[in-house]
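Engineer: Dropping a structure here in structure tokens format, bear with me for questions.
The values are calculated or read from the model by the stated rules, or taken from the named source; none is laboratory data. All of these numbers come straight from a predicted model, not from anything done at the bench. Note: ideal-geometry Cβ built from the backbone for every residue, glycine included; neighbour counts use all protein chains shown.
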Amino acid sequence: MNGFDLDPATVSHELLEFNRKLLKSFNTLNQLKEVDVDSTPYEVIYTEDKLKLRYYQSSAKKRCKTPLLICYALVNRPYMIDLESKRSMLQRLLELGLDIYLIDWGYPDAADRYLDLDDYINEYLNNCVDSVTAHADTEQTNLLGICQGGTFSLCYTALNPQKIKNLVTMVTPVDFQTEDNLLYHLAKYVDADLAVETYGNIPGSMLNDSYNSLMPMRLGVQKNLGMPNQLENQESALSFLRMEKWIFDSPDQAGEAFREFITQFFQQNKLIKAEAKIGNKTVNLADIQQPILNVYGSFDHLVPPRASTALKEHVSSTDYQELEVKGGHIGVFVSGKSQTQVAPAIVDWLVERD
């Protein structure tokens, strides 16, 4: 018998078992009323255009006088860090005594077509930092940037070092052209000018298809074949569907900001060359002297480790630490390790430098 010969009885059994799981999955889905996410209570303390600045107050004993502002990426919704109670990095940070401020960028529409990186970083992000320090009655804030939001946070800190006390970056691209960076190998062929002229704002659904194309077997075939196992009971089904809801809840991207980001960062790698321009200001990572905690995933296919750890070569900080998480791009936030190791490590690191 070679590796391709299958016993008919085994095949029949596996097909019957698969059909049983499909039927059970169907019944499970019929019983679900809604897929709830983003459930931790918050207060909106500042709004500007589509942007909302959320404030989450910790009920635990406060361990940090300096507030923490979280800057998420534009390409997905920030409730990745608050998917559900058992997988909520946000709730772990609150339980450990941090008050949290979080930027919700909202959903750009046609009116936002001409928003550029100057608007997002020098205006929106700057206004959020000022709102946080005013609300918390402090002179500075700690800043935690996630993925593209981490790149924004690096740019902002380099341009406004007096406003940031400590900087945490998570799965943040710095060197956009490492050989193992799948997104770079895709982005280098994109005609950004043609894309923006054609679409105006770049459709979030199109970006999702691009991300899925990077690992078609794992993110397509394998996930779909394994779906009946995920949907066998309500608890596992809700966990699976919350993740799926987040994955496909992708805002469109403001045209000019997309053009600038893909051109300057992916195609020209200007961040590590000290040539990136945000408005009329040039970003030099060497201007960052703040303590830095850089968190990255060992198996991150979107921001591979070398793309992130390159940061230490370009900043001037004498207090630079890295935290390696044995997981992928999303596992850094939702895995069991995230809840038991990552959130406590971030809090402890900030408390030591408060």
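Conditions (1) of a type in the set (A, V, I, L, M); (2) within 26 Å of G331 (Cβ to Cβ), marked per residue:
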{"residue": "L96", "(1), (2)": "yes, yes"}
{"residue": "R113", "(1), (2)": "no, no"}
{"residue": "L125", "(1), (2)": "yes, no"}
{"residue": "S131", "(1), (2)": "no, no"}
{"residue": "F152", "(1), (2)": "no, yes"}
{"residue": "N166", "(1), (2)": "no, yes"}
{"residue": "E179", "(1), (2)": "no, yes"}
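Engineer: Could we say that R259 is of a type outside the set (F, W, Y), crowded, with 17+ Cβ neighbours inside 10 Å, at pLDDT below 95 and outside any loop (DSSP other than H, G, I, E, B) here? So that I can check it myself, show each step before the final result.
Structural biologist: Values: of a type outside the set (F, W, Y): yes; crowded, with 17+ Cβ neighbours inside 10 Å: yes; at pLDDT below 95: no; outside any loop (DSSP other than H, G, I, E, B): yes.
The answer is no for R259.
Engineer: Oh, and also: Inside segment 233-256, can you point out the residues that are polar (S, T, N, Q) and not in a helix (DSSP H, G or I)?
Structural biologist: N233, S250, Q253
Engineer: Checking N76 against (1) over 17 Å from D252 (Cβ atoms); (2) touching a residue at least 40 places away in the same chain (Cβ under 8 Å); (3) among the polar types (S, T, N, Q): exactly one of these is not met. Which one?
Structural biologist: (1)
Engineer: Could you tell me which residue of segment 95-121 is nearest to T340 (Cα to Cα), considering only residues that are in contact with a helix residue (DSSP H, G or I) (Cβ under 7 Å, 6 or more places away or on another chain) and outside any loop (DSSP other than H, G, I, E, B)?
Structural biologist: It comes out as I100.
Engineer: Within segment 130-151, take every residue that is touching a helix residue (DSSP H, G or I) at 6+ places or on another chain (Cβ under 7 Å), surrounded by fewer than 24 Cβ atoms within 10 Å (Cβ to Cβ) and among the polar types (S, T, N, Q) and give me the one that is nearest to P78 (Cα to Cα).
Structural biologist: If we take residues in segment 130-151 being touching a helix residue (DSSP H, G or I) at 6+ places or on another chain (Cβ under 7 Å), surrounded by fewer than 24 Cβ atoms within 10 Å (Cβ to Cβ) and among the polar types (S, T, N, Q), then T141 is nearest to P78 (Cα to Cα).
Engineer: Follow-up. So L154 clears everything in (1) surrounded by fewer than 21 Cβ atoms within 10 Å (Cβ to Cβ); (2) aliphatic (A, V, I, L, M); (3) closer than 26 Å to E275 by Cα except one condition, right? Which one?
Structural biologist: (1)
Engineer: Next question. Which residue is farthest from the chain's Cα centre (by Cα), if the candidates are limited to segment 39-66 and must be part of a loop (DSSP other than H, G, I, E, B) and closer than 20 Å to D252 by Cα?
Structural biologist: The extreme case among them is D49.
Engineer: Tell me which of these R92 doesn't satisfy, since it passes every other one: (1) crowded, with 19+ Cβ neighbours inside 10 Å; (2) assigned to a loop (DSSP other than H, G, I, E, B); (3) over 16 Å from the mean Cα position of the chain (by Cα).
Structural biologist: (2)
Engineer: Could you list, in sequence order, the residues of segment 324-341 that are in a helix (DSSP H, G or I) and either surrounded by fewer than 22 Cβ atoms within 10 Å (Cβ to Cβ) or small (G, A, S) (or both)?
Structural biologist: G331, G336, K337, S338, Q339, T340, Q341
Engineer: Same structure again: Given L74, L23, which one is exposed (fewer than 13 other Cβ atoms within 10 Å of the Cβ) and among the aliphatic types (A, V, I, L, M)?
Structural biologist: Numbers: L74 fails: exposed (fewer than 13 other Cβ atoms within 10 Å of the Cβ).
The match here is L23.
Residues are listed down the side, and each one gets a yes or a no for (1) under 29 Å from S88 (Cβ atoms); (2) among the hydrophobic types (A, V, I, L, M, F, W, C); (3) more than 20 Å from the chain's Cα centre (by Cα):
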{"site": "F265", "(1), (2), (3)": "no, yes, no"}
{"site": "K277", "(1), (2), (3)": "no, no, yes"}
{"site": "P305", "(1), (2), (3)": "yes, no, no"}
{"site": "V315", "(1), (2), (3)": "no, yes, yes"}
{"site": "F333", "(1), (2), (3)": "yes, yes, no"}
{"site": "Q339", "(1), (2), (3)": "yes, no, no"}
{"site": "D348", "(1), (2), (3)": "yes, no, yes"}
{"site": "D354", "(1), (2), (3)": "yes, no, yes"}
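Engineer: Only one of (1) farther than 30 Å from L98 by Cβ; (2) without any contact (Cβ under 8 Å) to a residue 60 or more places away in the chain is not met by K52, so which one is it?
Structural biologist: Failed condition: (1).
Engineer: Identify, from the list N208, N181, N160, the residue that is surrounded by 15 or more Cβ atoms within 10 Å (Cβ to Cβ) and at pLDDT 95 or above. Outline the logic, then answer.
Structural biologist: On the way: N208 fails: at pLDDT 95 or above; N181 fails: at pLDDT 95 or above.
The conditions single out N160.
Engineer: Scan segment 268-303 for residues that are buried (at least 17 other Cβ atoms within 10 Å of the Cβ) and farther than 29 Å from E352 by Cβ and report the count.
Structural biologist: Summing the residues that are buried (at least 17 other Cβ atoms within 10 Å of the Cβ) and farther than 29 Å from E352 by Cβ in segment 268-303 gives 6.
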